[in-house]
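The structure under discussion appears below in the form of structure tokens.
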Amino acid sequence: ADVLACLRSRPLDQILDGQMIGAYTLKNLQCAGLQAVIPWNPVIDQKLIKQAPINAVINKPIMLGTNLNESIPFVAPVPPSLYPVLMDALFDPGQALKIMIDYSMEYPGQASQQLQQTVTDYLWTCFNRQFASRSTAGAYRYFYTHHGSFPFWVDGQNQVSGAVPEQCAVDGKVCHADELPFVFGNAVNDKGLAQSFTAEEADLSLALRRYWIQFARSGDPNVAGAPNWPLDATGSLLRMAAPSAAITAVTDQS
């Protein structure tokens with residue numbers, strides 16, 4: 001009868017478990033990554049947070065972007081056979097079927113790739129586009145495509161084993177957070193263990209830090225001598241790869 005009193009009477013762990021299981025029916029899909037996102041959703045209390053942030057007007061310049069294969073750490077443990085189940089959990093079943101047909105044409109016979117690309121587009125690429133469009137002062141978007149010379153995702157023994165490290169280690173894959181060592185100029189993996197940049201990667205890292213610092217200073221990331229970073233409103237974004245000479249503005253994919 002009294003929802004607030006009921007919630008206050010429950011242990012924190014029970015509330016968090018209920019929150020994660022109740023928001024999406026993903027527990028049996030081995031989607032721990034997606035479940036971990038849920039507690040970070042904003043609570044719209046009509047006082048401090050009066051609406052979803054995505055609907056707010058942003059009057060400051062913003063910088064944001066995505067990696068080529070963002071979703072792998074979140075969906076790597078999901079067997080391809082459960083792809084339709086996960087899609088039904090994320091979307092209306094009728095919409096899920098249409099999406100699956102579209103992605104099966106793009107990646108025929110590759111159920112895992114279909115799943116990864118669908119979730120990457122849905123949770124990162126499309127959201128970034130929509131969020132960037134809310135800024136009245138301009139947005140700078142990037143697309144990070146560099147596959148690092150050292151594995152960022154590793155297991156507890158600093159080895160490339162397990163679904164996430166193995167799938168992220170595939171040549172050409174660029175997973176969620178892979179850009180962080182380069183943005184911060186700190187060659188470490190996700191366990192904080194020191195690695196080494198190649199000469200081209202050190203060059204890329206320096207270029208990214210210059211962009212980030214200039215944006216913090218002025219609201220515009222562009223620096224003399226570096227490839228021009230266009231505003232999102234032009235329909236372009238900055239593709240980031242090593243060495244810095246490979247950084248280039250490209251047309252956003254529809």
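The values are calculated or read from the model by the stated rules, or taken from the named source; none is laboratory data. What you see is a predicted model, and the numbers here were worked out from it, not measured in a lab. Using ideal geometry, Cβ is built from the backbone for each residue, glycine included, and neighbour counts are taken over all protein chains shown. Ligands, DNA and RNA are stripped out before the accessible areas are found, and what is left, the full protein with its side chains, is counted by its heavy atoms. Shrake-Rupley method; radii C 1.70, N 1.55, O 1.52, S 1.80 Å.
Descriptive notes on the structure:
- Every residue from segment 78-114 that is modelled with pLDDT under 85 and within 21 Å of Gly172 (Cβ to Cβ): Val78, Pro80
- Any chance Asp102 is among the charged types (D, E, K, R) and out of contact with any helix residue (DSSP H, G or I) (no Cβ under 7 Å at 6 or more places or on another chain): yes
- Selection of segment 92-144 for residues being assigned to a loop (DSSP other than H, G, I, E, B) and surrounded by 14 or more Cβ atoms within 10 Å (Cβ to Cβ) yields Tyr107, Gln110, Arg134, Gly138.
- First in segment 195-206 and under 19 Å from Tyr142 (Cβ atoms), second anywhere and open to solvent by 50 Å² or more (accessible area, probe 1.4 Å) and modelled with pLDDT of 95 or more, Cβ under 7 Å, 6 or more apart: Glu201/Ser149; Ser205/Phe197
- Condition check for Ile21: at pLDDT below 85, under 30 Å from Ser218 (Cα atoms) and either assigned to a helix (DSSP H, G or I) or open to solvent by less than 30 Å² (accessible area, probe 1.4 Å) (or both): no
- Reported count of residues in segment 42-89, each being part of a loop (DSSP other than H, G, I, E, B) and either at negative phi or touching a Leu at 6+ places or on another chain (Cβ under 8 Å) (or both), is 22.
- Taking the listed residues Ala224, Ala163, Ala216, Ala241, the one that is aliphatic (A, V, I, L, M) and touching a helix residue (DSSP H, G or I) at 6+ places or on another chain (Cβ under 8 Å) is Ala241, with no other qualifying.
- From Thr145, Thr120, Thr136, residue being touching a residue at least 40 places away in the same chain (Cβ under 8 Å), among the hydroxyl-bearing types (Ser, Thr, Tyr) and touching an Asp or Glu at 6+ places or on another chain (Cβ under 6 Å): Thr120
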